[in-house]
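The values are calculated or read from the model by the stated rules, or taken from the named source; none is laboratory data. Worth saying up front: this structure is predicted, and the values here are computed from it rather than measured. Neighbour counts are summed over all protein chains in view; Cβ atoms, including those assigned to glycine, are modelled from backbone coordinates with ideal geometry.
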């Protein structure tokens, strides 16, 4: 599937207006240690940098991030707890979009047993503070990817089982400016794990 078709599929599924196709650049050296793909926003516009242009799930994830940005995800600075869970939601939606293109994709596993248990038991008190007990930005980037991909997988399975894209999709995209990201995360997790 070509990147343009991937973008249109994601936009159609999420009910978004079409956006201009961004540049996609293969740049394995830039991404060393950063993962497989990234959205770069600078004075030249929006570019997707990927290690391998043939990796459709990474391209789909990054295109979903761009659709999310264009749909109103706040880019202004947030307090740290909100920033952490905002990133969780961004990764959840990106992962969800990639599952539309490659349904066989598997999420990164949550490696911290206590975190996994707290998510399963919806232990909100521990979840709101878990990230603060883990030192270092790199650890937090790994954590928000793990939690986000876990949520994205749950949302995908929920939508597939029920056929109901709402409220999970609207919470992931449209209402993030009105509510604190942790509260949005809670609502989505409650909805898709009933």
Unmet requirement for residue 34, which otherwise passes all of (1) at pLDDT below 80; (2) over 23 Å from residue 181 (Cα atoms); (3) over 18 Å from the mean Cα position of the chain (by Cα): (3)
What is the residue count in segment 118-135 for residues that are under 18 Å from residue 190 (Cα atoms) and either at pLDDT below 75 or assigned to a helix (DSSP H, G or I) (or both)? 9
Of (1) free of Cβ contacts under 8 Å to residues at least 40 places away in the same chain; (2) assigned to a loop (DSSP other than H, G, I, E, B), residue 19 fails just (1)
Only one of (1) outside the structural domain of residue 126 (by TED's automatic domain parsing); (2) within 18 Å of residue 181 (Cβ to Cβ); (3) at pLDDT below 85 is not met by residue 64, so which one is it? (3)
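What about residue 82, is it under 27 Å from residue 182 (Cα atoms), in contact with a helix residue (DSSP H, G or I) (Cβ under 7 Å, 6 or more places away or on another chain) and modelled with pLDDT of 80 or more?
Here the answer is no, as residue 82 does not meet what is asked.
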Segment 166-175 - residue that is loosely packed, with under 15 Cβ neighbours inside 10 Å and touching a helix residue (DSSP H, G or I) at 6+ places or on another chain (Cβ under 9 Å) and, of those, modelled with the highest pLDDT: 167
In segment 1-16, the residues that are over 18 Å from the mean Cα position of the chain (by Cα), touching a residue at least 12 places away in the same chain (Cβ under 8 Å) and not in a helix (DSSP H, G or I): 1
Can you find, within segment 15-33, the residue that is farthest from residue 169 (Cα to Cα) among those that are out of contact with any strand residue (DSSP E or B) (no Cβ under 7 Å at 6 or more places or on another chain) and surrounded by 12 or more Cβ atoms within 10 Å (Cβ to Cβ)? 21
